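Engineer: I have a structure here, written as structure tokens, and I will follow up with some questions on it.
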Amino acid sequence: MELNQHLPTPFLFNSLKHHRGAVLEIIEKARDNGLSKNEINTIIKKIGNSMIDFYYGELSLFKIAKEIELDLKTENCYYEKNYHDFIQKAPGKYASIVLSDHSTWTLVFGRSHGNYIHLHPSRGSEHTMRVRAIALKTVIILKVFFEESLNSSDLVSLTNEARLHYLDESPIKNELYTRGLKRILKIL
């Protein structure tokens with residue numbers, strides 16, 4: 001079952017890793033379809049294991065793509081050859097674009113066949129927070145399998161159950177380790 005939203009060609013974007021709307025969609029579909037531990041783990045594996053910049057603004061994936069497309073077309077940099085040259089000439093070989101909600105997006109040259117506009121929410125941008133991938137994965141597990149207990153149970157205990165039984169991760173020690181989870185839970 002494919003739950004992750006994808007942008008059309010020529011865009012390359014890991015929506016599950018970087019977009020609140022995509023994460024909310026996967027949580028809803030996982031609940032509705034009664035996904036197993038293995039099925040959800042296969043899906044959330046795409047999030048990876050690093051620090052990530054997570055966009056929680058109101059722009060949909062397709063609105064983001066459309067705004068970036070229009071900006072690049074205005075600059076005559078939308079089509080692959082021109083886009084490649086534009087990125088190669090940019091300092092650090094990446095460019096930034098500010099969208100209508102004042103969020104900033106980083107553009108690099110994508111190496112996936114046909115998907116050459118690789119985008120990420122920019123670090124420190126408006127409507128973006130920096131989170132650990134494991135925290136995002138843990139929150140997804142909590143929202144899918146433990147939603148009813150989130151308000152009434154000890155977050156440390158629930159987190160440890162999610163980490164041990166669903167993510168094969170070691171337990172956290174105390175409430176201090178739930179700060180990142182609480183930040184993500186607040187927006188999801």
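Engineer: If only one of Asn41, Asn33 is at pLDDT below 90 and farther than 28 Å from Arg123 by Cβ, which one is it?
Structural biologist: Only one candidate passes the filter, namely Asn33.
Engineer: Output the residue which, of all residues in segment 144-155 that are more than 12 Å from Ile40 (Cα to Cα) and part of a helix (DSSP H, G or I), is modelled with the highest pLDDT.
Structural biologist: Checking each candidate, the answer is Leu155.
Engineer: Could you say which residue among Lys186, Lys143 is crowded, with 17+ Cβ neighbours inside 10 Å and basic (Lys, Arg)?
Structural biologist: Lys143
Engineer: Also, quick follow-up: Which of the numbered conditions does Tyr116 fail, given that it passes all the others? Conditions: (1) touching a Lys or Arg at 6+ places or on another chain (Cβ under 7 Å); (2) touching a residue at least 60 places away in the same chain (Cβ under 8 Å).
Structural biologist: (1)
Engineer: So if I check each of Lys45, Lys73, Lys17, which one is surrounded by 13 or more Cβ atoms within 10 Å (Cβ to Cβ) and among the basic types (Lys, Arg)?
Structural biologist: Being surrounded by 13 or more Cβ atoms within 10 Å (Cβ to Cβ) and among the basic types (Lys, Arg) holds for just one of Lys45, Lys73, Lys17, which is Lys17.
Engineer: Sticking with this structure for a sec: Pull out all pairs, ordered by first then second residue, where Cβ-Cβ is under 7 Å, the residues are six or more apart or on different chains, the first lies in segment 78-98 and is surrounded by 13 or more Cβ atoms within 10 Å (Cβ to Cβ), and the second is in a helix (DSSP H, G or I) and not hydrophobic (A, V, I, L, M, F, W, C).
Structural biologist: What qualifies is Tyr78/Glu69; Ile87/Lys93; Ile97/Asp71.
Engineer: Looking only at segment 99-125, count every residue that is surrounded by fewer than 19 Cβ atoms within 10 Å (Cβ to Cβ) and more than 13 Å from Glu67 (Cβ to Cβ) and tell me the total.
Structural biologist: 9
Engineer: Those residues that are in contact with a helix residue (DSSP H, G or I) (Cβ under 8 Å, 6 or more places away or on another chain), within 15 Å of His118 (Cα to Cα) and not in a helix (DSSP H, G or I), I need them from segment 71-107; list them, please.
Structural biologist: Correct list: Cys77, Tyr78, Tyr94, Ala95, Ile97, Trp105, Leu107.
The values are calculated or read from the model by the stated rules, or taken from the named source; none is laboratory data. Note that the coordinates shown come from a computational prediction; the quantities given were computed from them, not determined experimentally. Because the Cβ atoms are built from the backbone with ideal geometry, glycine has one as well, and the counts that use them run over all protein chains shown.
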